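Taking it in order: structure first as structure tokens, then the write-up.
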Amino acid sequence: MLFAPKPQPFSSPEEHGDQLKAIPGRNELAKLIQEEEGRYVILEVELKYSGVVKLLAKALKARRRKRIQLDGLSLEMYKMIDGVCNVEEIIETWMDKYKLSFFEARSLCLYYLQNLSGNGIIALGIPKEEVVIQDE
């Protein structure tokens with residue numbers, strides 16, 4: 001095709017430094033409702049509305065909480081999130097456990113992290129690095 005976009009080269013692990021350094025943390029307001037050991041977990045997350053949506057939600061009596069069931073790999077991902085290990089360490093764990101390449105493990109981990117984050121169960125933070133000022 002004449003105007004087809006150029007194919008993008010595969011990105012290397014070095015190009016995703018900030019993304020891989022991000023540390024996922026659990027939402028402290030997410031409440032554990034029910035747990036069946038090893039099979040599933042049900043969490044309840046409080047919904048927050050703002051601006052005009054807040055007024056509409058109040059007028060329409062929209063729900064204030066939602067329940068999310070985690071099972072399978074999403075439950076495994078949730079259990080790995082401790083607020084200490086970063087995304088790169090999670091990817092390496094999945095590479096070893098499931099015998100995946102870096103790219104396969106990264107796409108799988110990022111999919112589940114995005115899903116958990118979108119449901120308000122976790123948040124991703126990038127740690128601040130120490131700033132070193134050199135005297136000349």
Could you tell me the calculated FRET efficiency between GLU89 and VAL52, based on Cβ-Cβ distance and R0 = 41 angstrom, to the nearest 0.05?
0.50
Under 18 Å, Cα to Cα: Lys pairs in the stretch 20-125, sequence gap 8 or more or different chains:
9
With the label point 7 Å along the Cα-to-beta-carbon line of ARG39 and a cut-off under 15 Å to each amide N, the hits in the stretch 71-115 are 71-72
Both in Å, the radius of gyration and Dmax of the C-alpha trace of the stretch 20-125 are 15.8, 52
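Multiplying the sequence separation of GLN19 and LYS31 by 0.36 nm and subtracting their Cα-Cα distance, what value in nm do you get?
Details: separation 12, 0.36 × 12 = 4.32 nm, distance 2.75 nm.
Gain in length upon complete extension: 1.6 nm.
Run the dipole for the stretch 20-125 about the Cα centre, Lys and Arg Cβ at +1, Asp and Glu Cβ at -1, nothing else charged, and hand back the magnitude in debye, nearest 20. Walk me through the intermediate numbers first.
Details: 17 positive and 14 negative charges, 186 e Å.
Result for the stretch 20-125 is approximately 900 debye, rounded to the nearest 20.
Taken together, the values in this text are just the output of simple stated rules run on the coordinates, not laboratory data. The shown structure was predicted, so the numbers you read here are calculated from the model rather than taken from an experiment. We place every Cβ from the backbone using ideal geometry, glycine too, and count neighbours over all the protein chains shown.
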